[in-house]
Amino acid sequence: MFHGQRSVRPNTAMEPEPKLRAEHAAAAIRRSVTRLARRLRRERAGHGVSASKLIALGHLMRSGVMTAKELATLEHVQPQSLTRILADLEKAGLIHRDQAETDRRQVRIEISKKGRDLLVLDARKQDAWLDRTIADALTEAERDILAVAARLLDRLSDAYPSTILETKAEKQHEEGH
């Protein structure tokens, strides 16, 4: 060390342990994602479709045709719990239900064009609010950071995929679809 210079050591007592940093980050992310989801819900189109019905429609849009049991597994509910939701969605013309050709006991559920249009309208309305807010509230550097954060959140969301989707994808691969 040179004369008159002090050794500068980082203050490790102030730095949380790696596990604590991860726990704090997890809590902060959960809170932020929850608040953003609530805010985006306020931007939905005024169609009156409940959140649970929109979630079911979203699963059908992303995953394609599925049975009530598969949808219930994705929702973490019993198939009986979906009975009313599916009946309401069908009555509103947002889904179609028909019997599977290979097993007539199974009912296949598919989102309709009207259901897709509803989800697209919601997404566009929410995207418009988010786009305006990002442009108005964040700097260019912050927007770049947010874009990276979005990709990281997607990676976190995909870290433990649903076994029902894996099984469905494996079946389709085996059948040559």
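A compact table of results
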| read-out | value |
| --- | --- |
| Number of positions in segment 129-144 that are surrounded by 12 or more Cβ atoms within 10 Å (Cβ to Cβ) and outside any helix (DSSP H, G or I) | 1 |
| Residue in segment 168-176 that is surrounded by 10 or more Cβ atoms within 10 Å (Cβ to Cβ) and either of a type in the set (Val, Ile, Thr) or at pLDDT 60 or above (or both) present | no |
| So VAL49, is it modelled with pLDDT of 90 or more and among the β-branched types (Val, Ile, Thr) | yes |
| Matching residues in segment 76-91 - criterion: being among the acidic types (Asp, Glu) and either free of Cβ contacts under 8 Å to residues at least 12 places away in the same chain or over 16 Å from GLU110 (Cα atoms) (or both) | GLU90 |
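The values are calculated or read from the model by the stated rules, or taken from the named source; none is laboratory data. These numbers were taken from a predicted model, which means no experiment stands behind them. Cβ sites come from the backbone with ideal geometry, for glycine too, and all protein chains shown count toward neighbours.
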